1. All but one of (1) open to solvent by 30 Å² or more (accessible area, probe 1.4 Å); (2) part of a loop (DSSP other than H, G, I, E, B) hold for Thr45; which doesn't?
2. So, in region 103-126, of the ones that are modelled with pLDDT under 95 and part of a loop (DSSP other than H, G, I, E, B), which residue ends up most open to solvent (accessible area, probe 1.4 Å)?
3. If I filter region 184-206 for residues that are open to solvent by 90 Å² or more (accessible area, probe 1.4 Å) and modelled with pLDDT of 75 or more, do I get at least one hit?
4. What is the number of the single condition among (1) in a helix (DSSP H, G or I); (2) of a type outside the set (Gly, Ala, Ser); (3) more than 25 Å from Pro13 (Cα to Cα) that Asp96 does not meet?
5. For region 55-65, does any single residue satisfy the condition of being in contact with a strand residue (DSSP E or B) (Cβ under 7 Å, 6 or more places away or on another chain), farther than 30 Å from Glu145 by Cβ, modelled with pLDDT of 95 or more and not in a loop (DSSP other than H, G, I, E, B)?
6. Looking for something out of contact with any Pro (no Cβ under 9 Å at 6 or more places or on another chain) and either in a helix (DSSP H, G or I) or open to solvent by 10 Å² or more (accessible area, probe 1.4 Å) (or both) - is there at least one such residue anywhere in region 70-77?
7. Can you pull out every residue in region 132-152 that is outside any strand (DSSP E or B) and buried (at least 19 other Cβ atoms within 10 Å of the Cβ)?
Amino acid sequence: MKLVVVSAGLSSPSSTRLLADRLAAATLDHVDARTEVIELRDLATEIAQHLVTGFPPARLAAALDAVAAADGLIAVTPVFAASYSGLFKSFFDLIDKDALTGKPVLLGATGGTARHSLVTEHAMRPLFTHLRALVLPTAVYAASEDWGEEGLERRIARAGAELARFAAPAAGAAAPDADTAAAIAPRSLTGAITSVDPADGFRVVPFEQRLAALRAG
């Protein structure tokens, strides 16, 4: 399995990269994977060149290819003006329109205040839904005051377990413990997230049949 981590932090070190590393580590607790980290700050000039010329320099082309080839993706951005950063958006503007189709994506964001905690839902999730990615149920936002708190660690652990389940081949994923397993939403026969585990066996009962059973009762 190949896990790609995209971090849009602008400083070094940065809380954005720290969150990205924590999410990757939480995923690797459940599955064996080769991990590649893409620091967008190192590609800022190449991203601007590609936007202007339409041709990616070699380093940027390699990064775009890595995202397209990933089995699972972690994407983390700092919050700018209550949304993702321009650098983050510019990079994903360059991704081929089909590259993320069906790909499991774990979202993360960092900010100075908890007031921006919904940025993962009102900004990031619609972006990756538009790209037809499989956006995981749990997204992780880390405000400055969250670091070192148990709640953040629980969210990171849950998100990592979800990514491992959806990205790894069934035979390659390590079995989660009971608490983690209860927190992971399984997929239905169609791939949708559901509360019913297909391994337990189930069938879809037509609505008309359910109504008939109620009338008979």
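1. (2)
2. That would be Leu118.
3. no
4. Every condition holds for Asp96 apart from (1).
5. yes
6. no
7. Hits for region 132-152 are Ala133, Leu136, Thr138, Ala139, Asp146.
The values are calculated or read from the model by the stated rules, or taken from the named source; none is laboratory data. Here the structure is a predicted model, which is why all the values come from computation and not from measurement. Counting neighbours? That spans all protein chains shown, and the Cβs are built from the backbone with ideal geometry, glycine included. Remember, those area values only see protein heavy atoms, side chains included, never the ligands or the DNA or RNA. Shrake-Rupley method; radii C 1.70, N 1.55, O 1.52, S 1.80 Å.
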